[in-house]
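Take a look at the structure below.
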Amino acid sequence: MEAVSFDVIVDIGQQDGCEPLLPEHLRPLTSLKQLTRLELRHNLPIQISEEDLAEFGAAFPTIETLVLNPEPLLLTKPKFTLSSLLFVSQKFPNLSHLGIYLDAEDVTTPAPYLLAKIQIFPYLRSLNVGMSPIGEKHVSVALFLSRILSESEEMVIQSGVSWYEGLFDTSGEYVEKVDQRRSKWEEVEKALLVLLQAHKEEKGAQKCITCGTRY
């Protein structure tokens with residue numbers, strides 16, 4: 001088997017009885033060594049840690065699409081942060097698409113020398129952050145992403161919800177939160193594309209200087 005899609009979604013009226021996805025629910029999948037696509041969707045944020053991801057990364061060496069419930073209906077605080085992307089990149093080196101619910105409200109930029117030591121997301125072309133919370137410093141988020149996605153010539157940032165309206169709370173407060181987060185992530189994508197282009201041009205210039213020196 002090469003693909004598994006795990007969808008457990010109930011409407012807002014039944015959500016109180018919905019149990020979260022835990023590591024023990026997912027461990028039976030680790031026998032699928034040829035898995036290239038794993039998609040998990042659920043009402044609640046997935047309750048797995050970076051340590052659990054390390055276990056799954058070792059179990060799925062060929063995975064290319066990984067969707068870790070980026071659009072939970074209940075918007076509790078994410079377990080993952082922006083810095084978790086560094087961890088994911090090392091455990092799942094072949095990813096072309098990643099969906100993840102993460103906390104981007106507190107941006108901690110890693111030191112450049114740390115990034116220079118590891119290869120980060122060389123094949124990633126789309127990142128779905130769904131309903132991930134994000135603070136006012138969206139430019140700092142874009143700068144962080146540009147440093148870990150610098151090998152990607154093209155990058156799409158997906159955000160917001162794709163659920164049918166009848167599933168979630170359509171009250172003004174919830175919809176306003178959805179719109180605010182999506183709007184900020186759209187600004188991140190715009191800034192990121194500019195930064196990635198700048199990185200590309202900088203690398204091109206460095207290659208020209210190197211070639212000229214060798215010549």
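The values are calculated or read from the model by the stated rules, or taken from the named source; none is laboratory data. In this text, all values refer to a predicted model and were calculated from it rather than measured experimentally. Reconstructed Cβ throughout: ideal geometry from the backbone, glycine too, with neighbour counts over all protein chains shown.
Quick grid of which residues meet (1) part of a loop (DSSP other than H, G, I, E, B); (2) farther than 15 Å from residue 71 by Cα; (3) modelled with pLDDT of 75 or more; (4) under 22 Å from the mean Cα position of the chain (by Cα):
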residue: 161; (1), (2), (3), (4): yes, no, yes, yes
residue: 176; (1), (2), (3), (4): no, yes, yes, no
residue: 179; (1), (2), (3), (4): no, no, yes, yes
residue: 190; (1), (2), (3), (4): no, yes, yes, yes
residue: 210; (1), (2), (3), (4): no, yes, no, no
Quick count over the range 83-135, residues being modelled with pLDDT of 90 or more, farther than 30 Å from residue 34 by Cβ and of a type in the set (A, V, I, L, M, F, W, C), is 3
Considering the range 26-41, residues that are touching an Asp or Glu at 6+ places or on another chain (Cβ under 9 Å) and not hydrophobic (A, V, I, L, M, F, W, C), and then whichever is surrounded by the fewest Cβ atoms within 10 Å (Cβ to Cβ), we arrive at 34
Among (1) within 15 Å of residue 163 (Cα to Cα); (2) at pLDDT below 90, residue 40 falls short only on (2)
By residue number, the members of the range 1-41 that are polar (S, T, N, Q) and in a helix (DSSP H, G or I) are 14, 15, 30, 31
Given (1) in contact (Cβ under 8 Å) with a residue 40 or more places away in the chain; (2) assigned to a loop (DSSP other than H, G, I, E, B); (3) surrounded by 12 or more Cβ atoms within 10 Å (Cβ to Cβ), residue 44 misses just (1)
Those residues of the range 53-84 which are farther than 22 Å from residue 147 by Cβ and in a strand (DSSP E or B) amount to 65, 67
